[in-house]
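In what follows, a single structure is set out as structure tokens and then discussed.
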Amino acid sequence: MAYQLICPCGQNITSLSDRFVDDVQAHLAEQHPGRNYSADDIMSMAMEVSDKLVKPTS
């Protein structure tokens, strides 16, 4: 399973479920210091998407 969140800054974050919250929190720390959301808050904003939308990592 994969999830997607489109940040108000325009960044599209799409990850498999086991990495999704960490990836969103990393984006927040890098691009929006001081904005902290719990895993529950992040998941409430996420959309479930196909695993095929997740780009392979190198």
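Among the residues of region 21-39 satisfying the criterion of being of a type in the set (D, E) and surrounded by 12 or more Cβ atoms within 10 Å (Cβ to Cβ), which is farthest from G10 (Cα to Cα)?
First, the residues of region 21-39 that are of a type in the set (D, E): 22-23, 30.
From what is left, the residues that are surrounded by 12 or more Cβ atoms within 10 Å (Cβ to Cβ) are 22-23.
On the way: D22: 18, D23: 15 Å.
Checking each candidate, the answer is D22.
In the chain, which strands (runs of 3 or more DSSP E) lie fully inside it and hold 3 or more residues that are of a type in the set (S, T, N, Q) and under 11 Å from the mean Cα position of the chain (by Cα)?
Numbers: elements: 2-6, 12-16, 47-49.
In the chain, the matching strands (runs of 3 or more DSSP E) lie at 12-16.
Would you please list the contacts, defined by Cβ atoms under 6 Å and residues six or more apart or on different chains, that run from a residue in region 14-36 that is farther than 19 Å from Y3 by Cα to a residue that is among the hydrophobic types (A, V, I, L, M, F, W, C)?
That search, which allows pairs on different chains as well, returns R35/L28.
What's the number of the condition I42 fails, among (1) loosely packed, with under 14 Cβ neighbours inside 10 Å; (2) out of contact with any strand residue (DSSP E or B) (no Cβ under 6 Å at 6 or more places or on another chain)?
(1)
Every number here is computed from the coordinates shown, using simple stated rules; none is lab data. Because the structure is predicted, anything quoted here is derived from the model rather than measured. When we count neighbours, we look across all protein chains shown, and the Cβ atoms used for this are built from the backbone with ideal geometry, even at glycine.
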